[in-house]
Every structure is written in structure tokens, then in C-alpha cells.
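Notes to accompany the following structure.
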Amino acid sequence: MKFSVLNRGQPAAILDGLTTAVITLDHALRITYINSAAESLFGLSRHHALGESLAEAVARFAEHEPRLRRALETGSGFIERELKLHRTGEEPITVDCTVTPLLGGKPGLMMEILALDRHLRISRDELLLTQHQASRELIRGLAHEIKNPLGGIRGAAQLLERELSDPELREFTQVIVKEADRLQSLMNRLLTPNRLPRMEPINVHEVTERVRTLLLAEFPDGLSVGRDYDTSLPDLLGDKEQLIQAILNVARNAAQASEGRGEIRLVTRIARQVTIARARHRLAVAVAIEDDGPGVPAELAESIFYPLVSGREGGTGLGLSLAQSYVSQHQGLIEFESVPGRTRFTILLPVRSREERTQ
């Protein structure tokens, strides 16, 4: 029986295929290697993280630096079960962490980090997608049923207006026509996602820059829109107009929540080994929209993507629902985390390989 021998490039490829996050550190606790799972778990870019100190690249580990230094000095590792990794303004991450000194050569540490809430997040994402699709189908059915009589109501009002001689009574028919038009526009917006996306290679930063321009034009006074881009991101296969509308809807929602003031940040990163609706994707582009507004009300957290659900007076409750629809048509997903003063919506868009693009 013959056995294949690993070449020098294979170990890194194997580590990249793990769902356990792996980080290696040198004697100064600087990152010398991170695998794909670690990038995804901590929202890192390998390009930016290598050579950085662990505490700066992953702020959640700052409070655990003394213990890591002791492990380096004594040459002994440790295992920490259900370790809570905190970061100001964010929900803690619960992990199992194994720290092992590197053998041979220069001193260093290898960290293996298993996120205990990962499976819970995947189940939650699947539930959100299922609920979203069911609610969209229900709303589309209702919208079709409502559109049919609207045309009749509008036509009847116009005919009635011609028969009325009293100007005051004709004003009432104009109210009927205008309200019928408003409802017609609302129904059209509910049905818009039925159009199939026109897929073509696009650079996600062309999309985010367009969104930034539109935001600054819509909220010229008091709103700041910052950027934190990973310029090494690969191109996506997607519908440019739909993605602009999806990201704009999320960002506009954030701007309106803070009444057009404060700061919004557009952040792009690569996400690796991402699971969306039971499908695992080797690479995905993550576009985050961060704001310093009041946050998502707790009572809306489970239903914020449902149509006609809004936490803002006068809101239609369609912006986030339409955004989720557009992203779903790209096999993607929108997630969010929110506390007062910091809300982050993350749009995950899978990157398809050349083979997948030609299928």
C-alpha cells in the first residue's frame, strides 16, 4: 500500500479547511498565521492581521495577554472551556480555547479556538431564511390580490369625477385616485424582487462607493460616512443595481434611525468557510454597515426583516425586507448585532469559483 506524502503547501491548506479557528503567535505574541475559520470568527483579514500583535488584531484577547505570556515563559499550554471573549459594545463570544507551545525552533504559541455558539448561529440563520421566504410569499400573494381591485377603484373614481359638478365633491374623488396610486406604488415595491438578478462580475467597492455617494447626497448635514475597505477582495458575480439597493436600504435605515446625524462606516472583509442555509462556501465577501445610533429595539430583533415591520414612525417596513430579498437571490444572508450606540449589519455574499460561474 502506498501513502501520499504531504508537501510543504498542504498543511496550510488542511488548516484552512478546518472549522476550528487556528492562530499561531511568535515570542512577542504577534500573529504569524491564521486560518480561514479564525478570519471568519473574528472578522479579520489575513492580509492585515499577519505581523500584528494579537491584542491589536483581536481586541477580545487583550485581557488574556498575561496568561498567554506566562504560557510562553513556562513552556506549558492550557485549555480553557467556555471562555467568554469580550469586546466593548459587542456581544461576548463563547469558545473553547486550547493553547499549545510550538515545538522546535523559535518560541511561540498555537491557539485552537472552537466557537460554541457557531452551530446556534447557523440554526438561527436557517430559521431566518425560512421565515423570510414564507413571509415574502404571503406578502406577494396579498399584493397581487390587492392590485387587481385598486385599478377598478381608481377607474371608478375618475368616472365619478366626470359626473360631478360640485368642485368640493371632485376633490374627494382626487383623494381616492391619489391614495389608489400610493397603494399601487407600495404593491409594486413589494413585488419588485420577483425580477431575476442580472449576474455579471462586479467589484463590491464600486457598489459601496455608489451607496456612499447617495447617502451623502440624501443626508448632507450632520452625517459622516467612513470607509474601511480590504482592497484585496475578489470580484463577485452579482446584479450591481440590486446590490446597490440592498446596501443602500440598510445604510439608509441606519441614517434615518439617527435622524441623519452621527457616523456610518462601510467595512469590507473576506469571510472564509461560511455556512449559509446548509450550504458551505469557501469564500464570501462581507460588507458591514456600522452606525452609532440608538440600536435596534429588542422587541423588533426577531422580526426586523419581515415586511411592514418598522421601528420608525412613518416607516413602511419594506427597506430591510427588500434588502434581504435581493441578498437572498445572490445566495447570501444579512446578519446584525446591536446595542445602543453601536449597530452592525453584515451582508454575506458568496464568491463563486470559475467552475461554478460556467455551470
Task: Approximate spin-label separation Ala279-Arg87, in nm, with each point projected 7 Å along Cα-to-Cβ - done: 2.8 nm
Open item on the list: Ranking request for peptides 60-73, 250-263: highest mean number of other beta-carbon atoms within 10 Å first, then the rest in descending order.
Closed with: 250-263, 60-73
Task: Gained length - Leu160 relative to Gln331, 0.36 nm times residue gap less alpha-carbon distance - done: 56.7 nm
- [ ] Starting from the Cα of Glu63, step 7 Å along the direction of its Cβ; do the same at Arg170; then give the gap between the two resulting points in nm.
- [x] 7.3 nm
- [ ] Order these peptides, 336-349, 161-174, by their mean beta-carbon neighbour count within 10 angstrom, highest first.
- [x] 336-349, 161-174
- [ ] Subtract the Cα-Cα distance of Glu218 and Asp96 from 0.36 nm times their separation in residues, and report this length gain in nm to one decimal.
- [x] 39.3 nm
Task: Gain upon complete extension [Lys106, Ser232; 0.36 nm per residue less C-alpha separation] - done: 42.3 nm
Open item on the list: Once you place label points 7 Å from the Cα toward the Cβ at Ile79 and Leu50, how far apart are they in nm?
Closed with: 3.2 nm
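Quick note: the coordinates plus some simple rules give every number you see, no bench work behind them. Everything numeric in this text was worked out from a predicted model, so none of it was measured. Quick reminder, even Gly has a Cβ in these numbers, built from the backbone with ideal geometry, and neighbours come from all protein chains shown.
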